[in-house]
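> This is the structure I have questions about; it appears just below.
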């Protein structure tokens, strides 16, 4: 029963129904009985027909067979049955007890030997089973280790592939940063120290990633002294408001050269919502700044050429304006000579003639000054201006030209007008260009209808107080579909025009914070207008 229970328990442990093991267990016990019975039968057959009695060996074989295939329980049963059969059939054929006490030692020796044989067979079977189970367990472990090894190889391959992709990505990023002159950085707010600089960021600051120090203090010292306060102000505001940080500043390298830097940083917050780091980029915009400066210089030179070209169109008018006061100077000088006879001179008349000479000389000097202002290559200079004075200056230059072309120029100037902030020469250039364009547009119009009106009045620009100046002609006008192209560079409606006057004029007005546009009149001609903010709003 103990063997059956162990079998049932083993079946429960292995998850297999005990009913499946029950016939096997019964078979083992039956096999034990059958093996002993078979040994007895063979012993009797050999004893009867061959007069040989190998009954001990046969019983041992039955015991070993039962213990090997059945286990300890069936083996013990085979030992018991073998002892009983040995005593019954071969020691005392008629009873279960030994007939002669002299056979008792033989029976005891047989019993002990049979028990030892059974135990050895069961132990060997148990050892074999243990080795088999160990082998199976080892094989399972080997298979498991093999699977783990394969998984590790696959993981290592994936990790190696990921590392290669990461290295390629870092190489591409480094190359992209080098091509775009963009470096990346990270700054710890609490410790106020740089925790990361890319190689390109080192290069932008003229430092070596291996040898040089990338401390925040050293980087801040490299910022141009004129830009440090503004940099600190923007950085502090970004940290206080927990928003993106953006600044433009200059740095001074170790060799004294200057670079222009544009940097953008994004705040990284902790769980409490506090800024712990700023992560961002820095771009070397020195080449762009140099290109912008070169472009501005080219635009200034082009504007100067345009001014001189416009003055060339007014050569006759300018010569007339200068010739008039010079002629008056000559006439007054001759009058002075005639007023100085040998007799006593009329000093009052001489004084009056000399005063007129001075006035005429001042008038000629003013005309020459205006010409020099338009012709000189001077930088942009903002001053407080009254647009009425600009109109007066341009009228003095264009008066004779308008008379030659039989164009009537009318001005509508208010008594009071707010001042604007701008460059006097550049605004004269814009107005002079609009006046000349208006006169050109009326070349084919009847002389009686050639009227040019210059009007200055109050206006508003983007909801702020402004001054509006308009130049209205009665010429041929332009087609509505070309209105958007009038201010494009190199677009012109004149046969000999360069197409730069209006483009330069618009850039000048926009640089003053204003707006220049054109409108078609209800009747003939067109009107060109520009609006400038008043001085206080322009400054803001």
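> Identify all residues within segment 477-502 that are modelled with pLDDT of 75 or more and either surrounded by fewer than 16 Cβ atoms within 10 Å (Cβ to Cβ) or more than 18 Å from residue 526 (Cβ to Cβ) (or both); write none if there are none.
Hits for segment 477-502 are 479, 480, 481, 482, 483, 484, 485, 488.
> Go through segment 408-426 and report how many residues are more than 15 Å from residue 469 (Cα to Cα) and at pLDDT 90 or above. Even if it seems obvious, please write down each step before you answer.
Pass one, segment 408-426, residues more than 15 Å from residue 469 (Cα to Cα): 408, 423, 425.
Pick out the ones that are also at pLDDT 90 or above and you get 408.
Going through segment 408-426 one residue at a time, the tally reaches 1.
Results for (1) crowded, with 18+ Cβ neighbours inside 10 Å; (2) more than 27 Å from the chain's Cα centre (by Cα); (3) at pLDDT 80 or above, shown as yes or no for each residue.
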residue: 243; (1), (2), (3): no, no, yes
residue: 248; (1), (2), (3): no, no, yes
residue: 254; (1), (2), (3): no, yes, yes
residue: 267; (1), (2), (3): yes, no, yes
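> A further question follows. Out of (1) more than 30 Å from residue 28 (Cβ to Cβ); (2) modelled with pLDDT of 75 or more, what's the single condition that is false for residue 129?
Here residue 129 meets the rest and fails (1).
> For segment 188-199, give me each residue that is under 24 Å from residue 286 (Cβ atoms) and out of contact with any helix residue (DSSP H, G or I) (no Cβ under 7 Å at 6 or more places or on another chain).
Step one: of segment 188-199, the residues under 24 Å from residue 286 (Cβ atoms) are 194, 196-199.
196, 197, listed by residue number.
> Would segment 220-227 turn up any residue that is surrounded by 11 or more Cβ atoms within 10 Å (Cβ to Cβ) and either modelled with pLDDT under 85 or outside the structural domain of residue 253 (by TED's automatic domain parsing) (or both)? Quick ask: steps written out before the conclusion?
Residues of segment 220-227 surrounded by 11 or more Cβ atoms within 10 Å (Cβ to Cβ): 220-224, 227.
If we keep only those that are either modelled with pLDDT under 85 or outside the structural domain of residue 253 (by TED's automatic domain parsing) (or both) too, we end up with none.
Checked segment 220-227: no residue is surrounded by 11 or more Cβ atoms within 10 Å (Cβ to Cβ) and either modelled with pLDDT under 85 or outside the structural domain of residue 253 (by TED's automatic domain parsing) (or both).
> If you check residue 4 against the conditions, is it exposed (fewer than 15 other Cβ atoms within 10 Å of the Cβ), closer than 30 Å to residue 133 by Cβ, in contact with a helix residue (DSSP H, G or I) (Cβ under 7 Å, 6 or more places away or on another chain) and at pLDDT below 75? Outline the logic, then answer.
Numbers: exposed (fewer than 15 other Cβ atoms within 10 Å of the Cβ): no; closer than 30 Å to residue 133 by Cβ: yes; in contact with a helix residue (DSSP H, G or I) (Cβ under 7 Å, 6 or more places away or on another chain): yes; at pLDDT below 75: yes.
So residue 4 fails the test.
> Given the condition at pLDDT 75 or above and under 30 Å from residue 69 (Cβ atoms), answer yes or no: does some residue in segment 143-158 qualify?
Going through segment 143-158, the residues at pLDDT 75 or above turn out to be 143-158.
Retained after the next criterion (residues that are under 30 Å from residue 69 (Cβ atoms)): 143.
Within segment 143-158, one or more residues are at pLDDT 75 or above and under 30 Å from residue 69 (Cβ atoms).
> Give the residues of segment 397-407 that are at pLDDT 85 or above and touching a strand residue (DSSP E or B) at 6+ places or on another chain (Cβ under 9 Å), sorted by residue number.
Matches in segment 397-407: 407 only.
> Filter segment 173-215 for residues that are farther than 20 Å from residue 257 by Cα and part of a loop (DSSP other than H, G, I, E, B); which is nearest to the chain's Cα centre (by Cα)?
So, considering only residues that are farther than 20 Å from residue 257 by Cα and part of a loop (DSSP other than H, G, I, E, B), the one nearest to the chain's Cα centre (by Cα) is 198.
The values are calculated or read from the model by the stated rules, or taken from the named source; none is laboratory data. All values reported here derive from a predicted model rather than from experimental measurement. Glycine also receives a Cβ, built like all others from the backbone with ideal geometry; neighbour counts cover every protein chain displayed.
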